[in-house]
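**Q** Please find one structure pasted underneath; my questions will follow.
The values are calculated or read from the model by the stated rules, or taken from the named source; none is laboratory data. The model shown is predicted, which means the values in this text are computed figures rather than measured ones. Note that we place each Cβ from the backbone using ideal geometry, even for glycine, and neighbour counts take in every protein chain shown.
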Amino acid sequence: MNDAAQRILVIKHGALGDFVLATGPFKAIRRHHPEAHITLLTAPAFSPLGQACGWFNEVWSDTRPNPWRAAAWLSLVRRLRSGRFDRVYDLQNSDRTSTYFRLLGEGRPQWSGIAPGCSLPHRTAHRSELHTIARQAEQLAIAGIDTVPPSDLGWAKADVSRYKIETPFALLVPGGAAHRPAKRWPATNYVKLAQHLGLSRTTPVLLGAEAERQVLGDIAVAAPGAINLCGQTNFEEIASLARAANTAIGNDTGPMHVIAAAGCPSIVLFSGASDPARTAPIGANVAILRRPALSELPVATVVASLTALEAGRTKAERSSE
């Protein structure tokens, strides 16, 4: 079939970190189908990012209706059928998206994913042990896409001059999912880290959503000179701040994926609640610190890692001169 006549669907709902890790596969799919009409099916929160990245002709929002909302499911299936897709790359690979495959019935498109009965199945025995990046690359290789580039946020640019942040500065990301408190390093430790940065004449810049307003506010009060950007930054601004920052330190949460992928030297803190071998942020210079409980991770250890990260950056900059 002429590639220009092909209609491709890519499914990736989220969350934020998962969306960032999928940008390499997004780019690979577009390179493999340069003239095709490619549609992204994603969560409403990520639709603007799908539109901004430039790899898709269309972006459809999927509200992911509850199982008992039969009318909403019927509407979604009708829309999928109306797309007349030749191939689907299911990068979400969930029970939900496998159900989409099943409900399409006879005349289904070629389907890359884990749905039982799909034409391009990714069911290797070690699949669940792989990092998301390796897992997606293996899936696409099975579908005939041999080269998957690194995560690409080159399109995510914004003017951040309005924040009036003087260099050098470091990004701190103390938040995370409210329902997973085990993934958060204690706020008191972030206070000590922010104070250390201030003494070393590096401005701590605090990032987080509205849900983190209390913790970011407490850190800012205890660390004079810190800049609190709680609730103020969007995706593109976080990426742009990351490119200008000296370093970043944060919990295993979505913004750290953005920051690492944008190229900022980053320290990501993991507890036993998640596995960095499968989900760690990926970037040019990322250090992982892990303890079974993050309360057991001393501030001194993070400071030492920060010093080593900055020394490595300085050495790399000197070698490039």
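**Q** Is one or more of the residues making up the range 230-241 touching an Asp or Glu at 6+ places or on another chain (Cβ under 9 Å), part of a strand (DSSP E or B) and touching a residue at least 12 places away in the same chain (Cβ under 8 Å)?
**A** Checking the range 230-241: not a single residue is touching an Asp or Glu at 6+ places or on another chain (Cβ under 9 Å), part of a strand (DSSP E or B) and touching a residue at least 12 places away in the same chain (Cβ under 8 Å).
Every residue, every condition in (1) in the same structural domain as Pro174 (by TED's automatic domain parsing); (2) in a helix (DSSP H, G or I); (3) surrounded by fewer than 24 Cβ atoms within 10 Å (Cβ to Cβ), yes or no:
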residue	(1), (2), (3)
Pro224	yes, no, yes
Ile249	yes, no, no
Val258	yes, yes, no
Ala284	yes, no, yes
Ile288	yes, no, yes
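**Q** Here are some conditions: (1) under 19 Å from Ser266 (Cα atoms); (2) surrounded by 18 or more Cβ atoms within 10 Å (Cβ to Cβ). Arg201 meets all but one. Which one does it not meet?
**A** (2)
**Q** Out of Ser75, Ser47, which single residue is assigned to a helix (DSSP H, G or I), under 27 Å from the mean Cα position of the chain (by Cα) and over 15 Å from Ile8 (Cβ atoms)?
**A** The match here is Ser47.
**Q** Enumerate the pairs (first residue in the range 288-312 and closer than 15 Å to Gly250 by Cα; second residue anywhere and surrounded by 14 or more Cβ atoms within 10 Å (Cβ to Cβ) and among the charged types (D, E, K, R)) with beta-carbon separation below 7 Å, excluding pairs fewer than 6 apart on the same chain, so at least 6 apart or on different chains.
**A** Filtered contacts from the range 288-312: Leu294/Arg184; Leu297/Arg291; Val299/Lys192.
**Q** Could you grab me the full set of residues in the range 197-220 that are assigned to a helix (DSSP H, G or I), closer than 21 Å to Thr167 by Cα and modelled with pLDDT of 95 or more?
**A** Leu197, Leu216, Ile219, Ala220
**Q** Among residues belonging to the range 102-117 that are over 15 Å from Val10 (Cα atoms) and touching a residue at least 24 places away in the same chain (Cβ under 8 Å), point out the one that is surrounded by the fewest Cβ atoms within 10 Å (Cβ to Cβ).
**A** Here the answer is Leu103.
**Q** Just to be sure before I move on: is Gly17 surrounded by 19 or more Cβ atoms within 10 Å (Cβ to Cβ) and within 25 Å of the chain's Cα centre (by Cα) in the structure I sent?
**A** Here the answer is yes, as Gly17 does meet what is asked.
**Q** Next question, about the same structure. I'd like the full set of residues that are among the charged types (D, E, K, R) and in contact with a helix residue (DSSP H, G or I) (Cβ under 7 Å, 6 or more places away or on another chain), limited to the range 135-159.
**A** Arg135, Asp152, Lys157
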